[in-house]
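Contents: one structure, followed by commentary.
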Ligand SMILES: *Cc1c(COP(=O)(O)O)cnc(C)c1O
């Protein structure tokens, strides 16, 4: 058996894999350079009078078959637009997942609503429909589902549930561009779909966000919320309700249009790479490869370990990283409800509002805790991985398995 690099053996790989942290793992080319130059030379960098952001909104709506798209300054802003459009009363509840970026949850609190956490499916980490159903109360105004790592959450079932209760379904698609659901894509089943253009997402302009909706009323509220409540579709300089400035700039809009032309290729190449990895990893004892019904778009490549068979999660992450294949144990340090901001209810001054009567005890979502603490091994994924890169990743996983699964026995 090969000695692990962790223990002084030769690593599977010494050259770094393509990474979203530099040009090796991003597709920024001449079109993006021209986009930036076009905007700068035009002298108009603001979307209020520009053409790029309106053009992007139209192209994104067309790509997804949506009636409306609104651009904004980040994925977190996109989610904030969605919550603001729902317009909860202070203390109303929005049900969401404990495994996501905090950008899913903080917009709920910023609108003075209470995040209610429902547990997740133990294989996908996506919201469990029966857990969501059990969490619905008189005060529930919306469900916010996340398509974790690019695998669609059960949004068809969630939409049915939401319709039955007369509440809104918001989809957080930051990790799941173009993931198919039925005859459409994620973001199109719920009332609102939210996307991010942050550095590490399928496409990026550094930071930026997009929302889509078929509901003209929700779309108008989102546009107003991104622009201080200023109804620019009228002649009046007035402000209709409390709102912020979350506008996207023309520079970001123009780069995103160039990125949008590459999106299908990025998704296809990530899927091809994942299929090769799954074929190479499948069958190793105590490891479950990502469930994929042709619908996973692989923002990351998550493996589920059975630690009693395959070995301990954080040892796995460290051993793989030492082999030259970066890996992350658990994705998060803790479920979102156990982060200091929520556990200590650090919100508005010392008020703890709107969480003054809310407790998020350990054990609240046992499947989520088990995934984060013991089972979820996340490999960064990339559209620029070659077959040789994937073969190295597979070789490293098989090598670490040979050593750690034996120790576990
Ligand atoms: C990245 C991400 C966000 C936040 O997007 P930003 O553009 O970083 O604000 C929200 N939710 C999920 C699931 C994400 O992956």
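Laboratory data are not the source of any read-out in this text; all were calculated from the coordinates shown. None of these values were measured; they are calculated from a predicted model. Virtual Cβ from ideal backbone geometry, glycine too; neighbours counted across all protein chains shown.
Remarks
- From the alpha carbon centroid of segment 267-290 to that of segment 297-338 is 15 Å.
- Relative contact order %, segment 124-249, counting alpha carbon pairs below 8 Å whose residues are six or more apart: 15
- Net length gained if the chain between residue 130 and residue 165 were fully extended (0.36 nm per residue, minus Cα distance): 11.2 nm
- Helix 52-64 and the long axis of the chain differ in direction by around 60°, with both axes built from C-alpha atoms.
- Shape call, the chain: gyration tensor on alpha carbons, a/c limit 1.5: oblate
- DSSP bridge pairs, segment 151-239: antiparallel proportion in percent, nearest 5: 70
- From its DSSP helices (H runs of at least four residues, each -39,500 (n - 2.57)), the chain gives a residue-normalised ellipticity at 222 nm of -10500 deg cm²/dmol.
- Modelled FRET efficiency - R0 25 Å, residue 33 with residue 59, Cβ distances, 0.05 increments: 0.85
- Placing dummy labels 7 Å off each Cα toward the beta-carbon, the span from residue 216 to residue 232 is 2.1 nm.
- Under the simplified labelling scheme, the residue 67-residue 138 pair shows an inter-label distance of 3.2 nm, with each label point 7 Å from Cα along Cα→Cβ.
- The long axis of helix 216-225 is offset from the longest Cα principal axis of the chain by roughly 90 degrees.
- Segment 256-311, relative contact order [Cα under 8 Å, separation at least 6], %: 34
- For the chain, relative contact order (Cα pairs under 8 Å, six or more residues apart, normalised by length) works out to 21 percent.
- Part-to-part distance (alpha-carbon centres) for segment 131-156 and segment 196-255, which is given in Å: 24
- Cα gyration tensor shape for segment 26-75, rounded if a/c is under 1.5, else prolate or oblate: oblate
- With the simple spin-label model, which puts each label point 7 Å out from Cα in the Cβ direction, the residue 156 to residue 184 separation comes to 1.3 nm.
- If R0 is taken as 41 Å, the Cβ-Cβ distance between residue 351 and residue 407 corresponds to a FRET efficiency of 0.25.
- Between segment 71-88 and segment 360-409, the C-alpha centres lie 32 angstrom from each other.
- Full-stretch length increase - residue 245, residue 285 - with 0.36 nm per residue and alpha-carbon distance subtracted: 9.3 nm
- Angle between the chain longest axis and helix 250-260 axis [Cα atoms, degrees, rounded to 10]: 50
- Sequence of 173, 162, 72 once ranked by neighbouring C-beta atoms within 10 Å, starting from the fewest: 162, 72, 173
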